[in-house]
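The values are calculated or read from the model by the stated rules, or taken from the named source; none is laboratory data. Since the structure is predicted, the reported quantities are computational estimates derived from the model, not experimental observations. Backbone-built Cβ (ideal geometry, glycine too); neighbour counts: all protein chains shown.
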Amino acid sequence: MYRYLILLIICSMFTGCDLEEEPYGFYSEENFYKTNEDAESALFYAYNTFSYNEYVRAIFYINELATESCDVKGEEGFGSQEINRWDYALFRENEQLELYYKYCYIAINRANAVIDNVIHSNLSEDFKSSILGEAYFLRAWNYYHLIQIYGLVPLHKASITSASQAIAPMPKDFDELYDFIINDCLEAEKRMSIRRIVGRVDKVAAQALLAKVYLSIASSKENQVDGYKEMNKDIAQMYQYAAEWSRKVLYDQSTYGLSPDLISIYDTRKPDGPEHIFIMSMDKSGVDEGNFSSIDKMFIPYKNGTSLWFANPDGTYTKSTNMGWGVFMTTELFANSFDASDKRKTELMTKRFYTKEDGSTSELNDYFLTRKYIDPDFVGVKSSTRPFLIRFSEVALIYAEAVGPTQEGYHWINAIRHRAGLDDLSSSLNLADFRNAVFNERSFELAFEGKRLHDLRRKAVVVSTDPRAAASGISEEQAAYYPIPQKELDLNPNIPRI
């Protein structure tokens, strides 16, 4: 009778995760899911997981610090040093890896609660379909990132309603988990329409996620990554599906597209710009940390409390925070990998910052700063900087990689290169070389957006690309996944001990 009261009692057992969250948003079946507002509130509760610091910051701690793109400041904690230097022996107890695992499952359970209750509600079919579509997407999104980061993980297909359901079973293999993800994406795509709402997803986001999923399978199996190489999937067909779904995003709608210039993509005043297929709903309206963004602080150094100003191509200057923490530091290796004329370096990265609005005084930083996360309208420690979860240009590069050196493949990679001020890609590349060129283009286009580690993993080149990984002595097989946290092993006997 009181499913959600039961859920609160047993949630600490959920896949071993300690879900120490405020119990707001839970109601008994007698008074919940009766109206559109009730169902939408439950959906928002699922989305809300994305705003937790432990989820948001892990996107960067986990996916950038473990690559050649970033170093971390020496005094930073939260397990960041171990990730940065690939100290594999400490990963099972790593705080960041524990927290991200936990919050992905919180999001999954909240999405499951929406699906289980809305699908049996008496709400109008059109409204139900839309709400369910978003919930299926959120569940798929989190399982997709769990399998990218940890490999095979426990699979909850429904919300927890009894203690016997608290210990999640393991899927038998990658095929089972990926088939579940794909089916959720297909349900989401079928149920949703094209409807842009900042911070929420629509049909195009589901199509984009399907393209990402199929590319991950195709590329990872092609490169014999553990778990993927055993999959009962045809590589050519997976590339074909990646092409088909990304093509829908590129050609079958007019709501999203390439932004005309680079800086506008990252303008906090334009979260509804054409590039943003899925962007987190974070701003500075919250009261407590975690209810507002402070991502800008992670990338901007502290300079005696002085605001930093970044030069714009038109001769103006954009203000940034005056309270940076300088956590993420661009490596010289990565900065030097850009073409000297690439606007993604000359306009979006700089060592020189200005200390006056008119640009009359400036200083040089020790390392290149990215301006992807700056908010000129910051208020104290609050900003509206957001992670960029799916951008149109990422989907264009997925399509190019999937279709290879065809006329359309060249069209989309060259469109992105032209925006960056670069010439056309060489027109005489074979399939393997073309795909490697697109792979390299992703490193420049999606820099500091939490995509790099998975790209290195699906190509099995983590150790050969990141000098810190090579120095650690780990193998590419070890680098392919982080181990599931020890806390989860202790509480879930279904998880294999490796």
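As a summary of the residue check, GLY77 satisfies the conditions (1) under 22 Å from LEU369 (Cα atoms); (2) of a type in the set (Gly, Ala, Ser); (3) modelled with pLDDT under 95; (4) surrounded by 22 or more Cβ atoms within 10 Å (Cβ to Cβ) except for the one numbered (4). If you go through segment 376-409 and keep only what is over 26 Å from the mean Cα position of the chain (by Cα) and modelled with pLDDT of 95 or more, you end up with PRO405, THR406, GLN407, GLU408. Filtering segment 53-75 to residues that are within 14 Å of GLU95 (Cβ to Cβ) and assigned to a loop (DSSP other than H, G, I, E, B) leaves only LEU65. So, in segment 407-437, exactly how many residues are hydroxyl-bearing (Ser, Thr, Tyr) and either in a helix (DSSP H, G or I) or closer than 21 Å to ILE263 by Cβ (or both)? Looking only at that region, the number is 1.
Among the residues here, THR268 does not qualify as assigned by TED's automatic domain parsing to the domain that holds THR361 and buried (at least 18 other Cβ atoms within 10 Å of the Cβ). Residues in segment 355-387 that are touching a Pro at 6+ places or on another chain (Cβ under 8 Å), in a strand (DSSP E or B) and surrounded by 21 or more Cβ atoms within 10 Å (Cβ to Cβ): LEU369 only.
Restricted to segment 447-498, and to residues there that are small (Gly, Ala, Ser) and assigned to a helix (DSSP H, G or I), the residue that is surrounded by the fewest Cβ atoms within 10 Å (Cβ to Cβ) is ALA471. Of the residues screened, ASN436 is one that is surrounded by fewer than 21 Cβ atoms within 10 Å (Cβ to Cβ), free of Cβ contacts under 8 Å to residues at least 24 places away in the same chain and closer than 23 Å to GLU68 by Cα.
Let's see how each residue does on (1) farther than 23 Å from ILE197 by Cα; (2) among the hydroxyl-bearing types (Ser, Thr, Tyr); (3) touching a Phe, Trp or Tyr at 6+ places or on another chain (Cβ under 7 Å):
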{"residue": "ASP366", "(1), (2), (3)": "yes, no, no"}
{"residue": "THR370", "(1), (2), (3)": "yes, yes, yes"}
{"residue": "TYR373", "(1), (2), (3)": "no, yes, yes"}
{"residue": "GLY380", "(1), (2), (3)": "yes, no, no"}
{"residue": "LEU389", "(1), (2), (3)": "no, no, yes"}
{"residue": "PHE392", "(1), (2), (3)": "no, no, yes"}
{"residue": "ILE398", "(1), (2), (3)": "yes, no, no"}
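Among the candidates LYS319, LYS343, the residue that is in contact with a Phe, Trp or Tyr (Cβ under 6 Å, 6 or more places away or on another chain) and either in the same structural domain as ILE83 (by TED's automatic domain parsing) or not polar (S, T, N, Q) (or both) is uniquely LYS319.
Considering only residues that are among the aliphatic types (A, V, I, L, M) and assigned to a loop (DSSP other than H, G, I, E, B), look in segment 312-341 and name the one that is modelled with the lowest pLDDT. Before you say what the answer is, go through the steps one by one.
Taking segment 312-341 as the starting set, the residues that turn out to be among the aliphatic types (A, V, I, L, M) are 323, 327, 329, 333, 335, 340.
Filter once more, keeping what is assigned to a loop (DSSP other than H, G, I, E, B): 323, 327, 340.
Working: MET323: 80, VAL327: 95, ALA340: 96.
Taking the candidates together, the pick is MET323.
Assigned to a helix (DSSP H, G or I) and either crowded, with 22+ Cβ neighbours inside 10 Å or not assigned by TED's automatic domain parsing to the domain that holds TYR52 (or both): which single residue out of ILE390, ILE398 fits that description? It is ILE398.
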